[in-house]
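Participant: Take this structure, written in structure tokens, and hold onto it; I'll ask about it next.
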Amino acid sequence: MNSVVPLTRDWPVVDRVQSLVDGESPPLRAGGVDLPIVNPATEEALTVLREADAAEVDAAIASARRAFETGPWPRMDINEKTQDAFMQALQSDYNINFAGNSLGGATDVCNFIEGGTASIGWDGGVSPCWPLMHNHTSYLHGKPHRSRRHVVGNVNERELLDIWLDEAYVTYRQKVQSFAFAPCTYCGGCELSEENEEDCFGNEFPACGGCLWAQGVIQCS
């Protein structure tokens, strides 16, 4: 037997719904068009919606642009309130866009590792990439990012091919190809992004999230 469930509402219904720009409704203009809002189950007229004109649409777009450029969203930190949800989104099978940017592609790839390259310092120290060849400081969102040198061997002590095929170095390259890079460019960067010791994903030294090359900010040709 089918039963009818009565539809009820306990929210306030206003006489007219208008656009909201910067949290306020613009003044009603003469000649505006009111669109009826009807309950499809009962055909009861609930309220009317004042159709926005071109000026209101332009104002709403400008307001959204200001919020994006100067509001908190582009610089949202990954903290105790946001980390779990952010990590679940990044670990899902969906394409994630944050602050207008895709959290994939260049931000999750080390072109040095993918290209099968290594960097050799003046003292013969072999590093996985140019950024790890020396201690240096770069800047991301106006914050310093201190990178500590990482050396996997020395050509003065071993053949380069031996270093390249060393089990620890092979494992390191595989790890870089498989782990997720912290999206420091797009989240605004937290205190972990100030060094390459650890990132918000739990990756330990050398962490690649704040690397300007991995983030796609710098491209070497």
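Participant: How about region 46-55: which of its residues are exposed (fewer than 11 other Cβ atoms within 10 Å of the Cβ) and within 12 Å of Val14 (Cα to Cα)?
Facilitator: none
Participant: Val176 versus (1) touching a strand residue (DSSP E or B) at 6+ places or on another chain (Cβ under 8 Å); (2) open to solvent by less than 60 Å² (accessible area, probe 1.4 Å); (3) closer than 24 Å to Ile218 by Cβ: which is the lone unmet condition?
Facilitator: Condition (1) is where Val176 drops out.
Participant: Select from region 205-221 the residues that are modelled with pLDDT under 85 and surrounded by fewer than 19 Cβ atoms within 10 Å (Cβ to Cβ) and write down the one among them that is farthest from Phe112 (Cα to Cα).
Facilitator: The extreme case among them is Val217.
Participant: Quick one: is Gly100 open to solvent by less than 70 Å² (accessible area, probe 1.4 Å), at pLDDT below 90 and under 28 Å from the mean Cα position of the chain (by Cα)?
Facilitator: no
Participant: Looking at region 3-15, is at least one residue within 27 Å of Asp53 (Cβ to Cβ), open to solvent by 70 Å² or more (accessible area, probe 1.4 Å) and either in contact with a Lys or Arg (Cβ under 7 Å, 6 or more places away or on another chain) or modelled with pLDDT of 80 or more (or both)?
Facilitator: Within region 3-15 (the criterion being within 27 Å of Asp53 (Cβ to Cβ), open to solvent by 70 Å² or more (accessible area, probe 1.4 Å) and either in contact with a Lys or Arg (Cβ under 7 Å, 6 or more places away or on another chain) or modelled with pLDDT of 80 or more (or both)), the answer is no, since none of the residues qualifies.
Participant: Considering region 116-164 alone, what residues qualify as being assigned to a loop (DSSP other than H, G, I, E, B), farther than 20 Å from Asn196 by Cα and either in contact (Cβ under 8 Å) with a residue 24 or more places away in the chain or open to solvent by less than 30 Å² (accessible area, probe 1.4 Å) (or both)?
Facilitator: Once the filter is applied, which keeps residues that are assigned to a loop (DSSP other than H, G, I, E, B), farther than 20 Å from Asn196 by Cα and either in contact (Cβ under 8 Å) with a residue 24 or more places away in the chain or open to solvent by less than 30 Å² (accessible area, probe 1.4 Å) (or both), region 116-164 yields Asp123, Gly124, Val155, Asn156, Glu157.
Participant: Shifting gears a bit: Mind checking whether some residue in region 185-195 is surrounded by 12 or more Cβ atoms within 10 Å (Cβ to Cβ), within 16 Å of Trp213 (Cβ to Cβ) and touching a helix residue (DSSP H, G or I) at 6+ places or on another chain (Cβ under 7 Å)?
Facilitator: yes
The values are calculated or read from the model by the stated rules, or taken from the named source; none is laboratory data. Please read these numbers as outputs of a predicted model, since none were measured by experiment. Glycine also receives a Cβ, built like all others from the backbone with ideal geometry; neighbour counts cover every protein chain displayed. What goes into the accessible areas is simple: the full protein's heavy atoms, side chains included, and nothing from ligands, DNA or RNA. Shrake-Rupley method; radii C 1.70, N 1.55, O 1.52, S 1.80 Å.
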